[in-house]
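Dropping a structure here in structure tokens format, bear with me for questions.
The values are calculated or read from the model by the stated rules, or taken from the named source; none is laboratory data. Quick caveat, the model's predicted, so the values are computed rather than measured. So basically every Cβ, Gly included, is an ideal-geometry build from the backbone, and we count neighbours across all protein chains shown.
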Amino acid sequence: MRFLLDTEQRAFAKTLDGMLGSSDTPGTIRSWAAGDAGPGRTLWSRLAEAGVFGLAVPERHEGLGPLPVELSVAFTELGRHAVPGPLVETVAAAALLGRLGDRASAETWLPRIATGAALVSLCAPDTGSPYALDADAADAVFVVEDDTVWRAAGCGPLQRSSDPARRLSRPTGATVLVEGPTVRAATAYATDVAALTTAAQALGLGRALLDHTVAYAAQRTQFKVAIGSFQAVKHRLADVLLALEFAQPLVHSAALALASDAPSARRECAAAKVAAGEAAYAASRTALQVHGALGYTEELDLSLWIRKARALRDAWGTPAACRSLVLAP
């Protein structure tokens, strides 16, 4: 099995990195957290033009996919730049709608998702969370319970998250879209897509945290020497690097398994999710410590990355849930 990206995939990642690097993502994150979705919507449109959301939409609905490997590439870059919004939920909803067999819903929403005209969220209480992400900013919120998919009419009060840019609320009201046995299979695939893309986000986030921390350790001095020369600091950074390096092939393997509809895809997505989530969380803790516990302050942009790591670790499968899935007989 080949785990290396090809030339086109690397070029795609480089293009997204350049585009996002030239955007004011810290400002966009802060605006999103404050309830101003304008800058986030603008960035969303640029991502759609680059083809990010089309990767989850079938070609018959004006998309490019489904292409799980390319999705993992894109979401690694989105995580690297901590882009806010229901990114995972939108591509998971596209995966769900593409397999439900509900022609009306697919024709209504999938082309709009592909072009960036629709920002949607997905809530699946059976995965462990009763909350929808950014329902207040979404054009539609889809909820899956047992063998029923319904569209929420509204959302309840916002709930606090460790990441202020993750705006959580309970969906309210219900318009049933689909019922029946096809829902469970479609939901299983959609949650696997969510686990994979969340893992990729965490991987990119962890790499960004490590890069920033290494750069800081090289320039910050104590006793007239760079703190990066201290053994204790070197060991912490090396541990984070190893965790990220081990997580990356798991993410690629999960993407390949999902692309081929392999029977092992669910376990591989869970393994990637737990490995990348734990690695990103370790990177956030190390970043906080090496920066002298300054990372949690509102003024430091790095705090936006640090606070996102814990939320991504638990989203779409807690570490315990993912391990149970991997180890299940």
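Would you check if there is a residue in segment 25-32 being outside any loop (DSSP other than H, G, I, E, B), modelled with pLDDT of 95 or more, more than 20 Å from V120 (Cα to Cα) and in contact with a His (Cβ under 7 Å, 6 or more places away or on another chain)?
Yes: one or more hits.
Tell me the residue from L210, L177 that is more than 30 Å from T28 (Cβ to Cβ), touching a helix residue (DSSP H, G or I) at 6+ places or on another chain (Cβ under 6 Å), surrounded by 15 or more Cβ atoms within 10 Å (Cβ to Cβ) and touching a residue at least 60 places away in the same chain (Cβ under 8 Å), please.
Values: L210 fails: more than 30 Å from T28 (Cβ to Cβ).
Of L210, L177, the one residue that is more than 30 Å from T28 (Cβ to Cβ), touching a helix residue (DSSP H, G or I) at 6+ places or on another chain (Cβ under 6 Å), surrounded by 15 or more Cβ atoms within 10 Å (Cβ to Cβ) and touching a residue at least 60 places away in the same chain (Cβ under 8 Å) is L177.
Part of a loop (DSSP other than H, G, I, E, B), of a type in the set (G, A, S) and on the phi > 0 side of the Ramachandran plot: which single residue out of A135, A117, A82 fits that description? Full working, then the answer.
Numbers: A135 fails: on the phi > 0 side of the Ramachandran plot; A117 fails: on the phi > 0 side of the Ramachandran plot.
Checking each option against the conditions leaves just A82.
When segment 19-45 is examined, which residues are found to be charged (D, E, K, R) and touching a residue at least 60 places away in the same chain (Cβ under 8 Å)?
Going through segment 19-45, the residues charged (D, E, K, R) turn out to be 24, 30, 36, 41.
Correct list: R30, R41.
When the residues of segment 89-112 are narrowed to those that are small (G, A, S) and part of a helix (DSSP H, G or I), which ends up nearest to T198 (Cα to Cα)? Show your work before the answer.
First pass over segment 89-112, keeping only residues small (G, A, S): 92-95, 98, 101, 104-106.
From what's left, part of a helix (DSSP H, G or I): 92-95, 98, 104-106.
Numbers: A92: 10, A93: 14, A94: 15, A95: 14, G98: 20, A104: 28, S105: 25, A106: 23 Å.
Selected residue: A92.
Assess whether F12 counts as being part of a helix (DSSP H, G or I), of a type in the set (A, V, I, L, M, F, W, C) and surrounded by fewer than 23 Cβ atoms within 10 Å (Cβ to Cβ). Break it down stepwise before answering.
Values: part of a helix (DSSP H, G or I): yes; of a type in the set (A, V, I, L, M, F, W, C): yes; surrounded by fewer than 23 Cβ atoms within 10 Å (Cβ to Cβ): yes.
Spelling it out, F12 is indeed part of a helix (DSSP H, G or I), of a type in the set (A, V, I, L, M, F, W, C) and surrounded by fewer than 23 Cβ atoms within 10 Å (Cβ to Cβ).
While we're here: So how many residues does segment 246-281 have that are among the basic types (K, R) and surrounded by fewer than 24 Cβ atoms within 10 Å (Cβ to Cβ)? Walk me through it before giving the result.
Filtering segment 246-281 down to residues among the basic types (K, R) leaves 266-267, 273.
Adding the requirement that they be surrounded by fewer than 24 Cβ atoms within 10 Å (Cβ to Cβ) leaves 266-267.
Counting residues in segment 246-281 that are among the basic types (K, R) and surrounded by fewer than 24 Cβ atoms within 10 Å (Cβ to Cβ) gives 2.
Just wondering, is there one or more residues in segment 110-118 that are among the β-branched types (V, I, T) and surrounded by fewer than 24 Cβ atoms within 10 Å (Cβ to Cβ)? Before you say what the answer is, go through the steps one by one.
Residues of segment 110-118 that are among the β-branched types (V, I, T), as a first pass: 113, 115.
Cutting the leftovers down to surrounded by fewer than 24 Cβ atoms within 10 Å (Cβ to Cβ) gives us 115.
The answer is yes; a qualifying residue exists.
Which condition number does S162 fail, the rest of (1) crowded, with 20+ Cβ neighbours inside 10 Å; (2) outside any strand (DSSP E or B); (3) touching a Lys or Arg at 6+ places or on another chain (Cβ under 7 Å) being met?
S162 satisfies all of (1) crowded, with 20+ Cβ neighbours inside 10 Å; (2) outside any strand (DSSP E or B); (3) touching a Lys or Arg at 6+ places or on another chain (Cβ under 7 Å) except (1).
In segment 61-75, which residues are assigned to a loop (DSSP other than H, G, I, E, B), at negative phi and touching a Pro at 6+ places or on another chain (Cβ under 7 Å)?
First pass over segment 61-75, keeping only residues assigned to a loop (DSSP other than H, G, I, E, B): 62-64, 66-67.
Now restrict to residues that are at negative phi: 63-64, 66-67.
Answer for segment 61-75, where residues must be assigned to a loop (DSSP other than H, G, I, E, B), at negative phi and touching a Pro at 6+ places or on another chain (Cβ under 7 Å): just P66.
Being charged (D, E, K, R) and modelled with pLDDT of 90 or more: is that true of D136 here?
Working: charged (D, E, K, R): yes; modelled with pLDDT of 90 or more: yes.
Yes; evaluated as a whole, the condition is true for this residue.
Continuing with this model, one more query. Are there any pairs with C-beta distances below 9 angstrom linking a residue in segment 6-18 that is within 14 Å of L67 (Cα to Cα) to a residue that is at pLDDT below 95, with the two at least 6 apart or on different chains, and if so which?
From residues that are within 14 Å of L67 (Cα to Cα), the pairs are F12/L5.
Please enumerate the residues belonging to segment 282-329 that are crowded, with 20+ Cβ neighbours inside 10 Å and at pLDDT below 90.
Once the filter is applied, which keeps residues that are crowded, with 20+ Cβ neighbours inside 10 Å and at pLDDT below 90, segment 282-329 yields H291, G295.
If a residue must be of a type in the set (G, A, S) and within 29 Å of L304 (Cβ to Cβ), how many such residues does segment 82-113 contain?
Applying the first criterion (of a type in the set (G, A, S)) to segment 82-113 yields 82, 85, 92-95, 98, 101, 104-106.
Going one step further and asking which of them are within 29 Å of L304 (Cβ to Cβ), we end up with 82, 85, 92-95.
Qualifying residue count, segment 82-113: 6.
While we're looking at this one, here's another question. Picking from A270, A328, A243, which residue would you name as being farther than 14 Å from A202 by Cβ and among the aliphatic types (A, V, I, L, M)? Even if it seems obvious, please write down each step before you answer.
Details: A270 fails: farther than 14 Å from A202 by Cβ; A243 fails: farther than 14 Å from A202 by Cβ.
So the residue among A270, A328, A243 that is farther than 14 Å from A202 by Cβ and among the aliphatic types (A, V, I, L, M) is A328.
Looking at segment 295-314, I want the residues that are basic (K, R) and have a partner that is modelled with pLDDT under 95 and buried (at least 21 other Cβ atoms within 10 Å of the Cβ) with Cβ atoms under 7 Å, at least 6 apart or on another chain. Which pairs are those?
Sorted first by the residue in segment 295-314, then by its partner, the pairs are R307/D163; K308/D163.
Determine which member of the set G40, G51, G35 is on the phi > 0 side of the Ramachandran plot, modelled with pLDDT of 95 or more and either in a loop (DSSP other than H, G, I, E, B) or in contact with a Leu (Cβ under 9 Å, 6 or more places away or on another chain) (or both). Break it down into steps so the answer makes sense when it comes.
Working: G40 fails: on the phi > 0 side of the Ramachandran plot; G35 fails: modelled with pLDDT of 95 or more.
One residue alone meets the criteria, G51.
A243: under 19 Å from the mean Cα position of the chain (by Cα), under 23 Å from D163 (Cα atoms), free of Cβ contacts under 8 Å to residues at least 60 places away in the same chain and crowded, with 18+ Cβ neighbours inside 10 Å, yes or no?
Working: under 19 Å from the mean Cα position of the chain (by Cα): yes; under 23 Å from D163 (Cα atoms): yes; free of Cβ contacts under 8 Å to residues at least 60 places away in the same chain: yes; crowded, with 18+ Cβ neighbours inside 10 Å: yes.
Yes, satisfied.
Regarding segment 123-143, can at least one residue be identified that is more than 19 Å from V193 (Cβ to Cβ) and charged (D, E, K, R)?
yes
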